[in-house]
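Accompanying notes for the structure given below.
The values are calculated or read from the model by the stated rules, or taken from the named source; none is laboratory data. From a predicted model like this one, the values you see are computed outputs, not experimental measurements. Using ideal geometry, Cβ is built from the backbone for each residue, glycine included, and neighbour counts are taken over all protein chains shown.
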Amino acid sequence: MLADQGVRGETEVSLLFVDESAIADLNARFLGNDGPTDVLAFPIDEEPADSGRSPDSGGTGPGFSAEPEEPPTLLGDVVICPAVAHRNAPDHAGTYDDEIALLVVHGLLHLLGLDHEDPDEAEAMEAKERDLLARHHQVRGDPS
């Protein structure tokens, strides 16, 4: 899905699955909304400074190369609440598995800069979700 959206090279994304209390706290702290939601996305806007204390920063041990490797592109975090997804699935994507797939795609699209603040943006994002899910997610019961 990321390659389809033009992401090249090594890429790092964190997928976190949390309970309703944790996602409600994040929803309140970062968006000012009350209660739990199904998915939140937190893009990384800029690369953190290399402190030299990270295990990925290299060292002089075996296998160390003086030539720095290209670090992965850090996109951000997608936080999903399975309990809310389970409740929403029958009226939204159908099955729980389909709902989780939709939420992962939705969150990743947010990390890539898409949004749904106005009707045109929402329509474009939903169309992209449908297209990506059709290409990368086998709908439960679909023999293809």
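Computed values, structure above
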{"read-out": "Test: residue in segment 129-136 that is in contact with an Asp or Glu (Cβ under 9 Å, 6 or more places away or on another chain), farther than 18 Å from Leu40 by Cβ, surrounded by fewer than 18 Cβ atoms within 10 Å (Cβ to Cβ) and not basic (Lys, Arg)", "value": "yes"}
{"read-out": "Within segment 1-19, tally of residues that are hydrophobic (A, V, I, L, M, F, W, C) and in a loop (DSSP other than H, G, I, E, B)", "value": "4"}
{"read-out": "Selected residue (criterion: modelled with the highest pLDDT) from residues of segment 64-80 that are in contact with an Asp or Glu (Cβ under 9 Å, 6 or more places away or on another chain) and part of a strand (DSSP E or B)", "value": "Ile80"}
{"read-out": "Residue match in segment 37-49 (condition: small (Gly, Ala, Ser), assigned to a strand (DSSP E or B) and either modelled with pLDDT of 95 or more or within 16 Å of Val84 (Cα to Cα) (or both))", "value": "yes"}
{"read-out": "In segment 5-19, the residues that are crowded, with 16+ Cβ neighbours inside 10 Å and more than 19 Å from Leu114 (Cβ to Cβ)", "value": "Val18"}
{"read-out": "Those residues of segment 81-92 which are surrounded by fewer than 17 Cβ atoms within 10 Å (Cβ to Cβ) and either small (Gly, Ala, Ser) or in a strand (DSSP E or B) (or both), in sequence order", "value": "Ala83"}
{"read-out": "Candidate set: segment 111-123, residues that are among the aliphatic types (A, V, I, L, M) and closer than 22 Å to Asp45 by Cβ; chosen: the one surrounded by the most Cβ atoms within 10 Å (Cβ to Cβ)", "value": "Leu111"}
{"read-out": "Test: Gly113 is assigned to a loop (DSSP other than H, G, I, E, B), modelled with pLDDT of 85 or more and of a type in the set (Gly, Ala, Ser)", "value": "yes"}
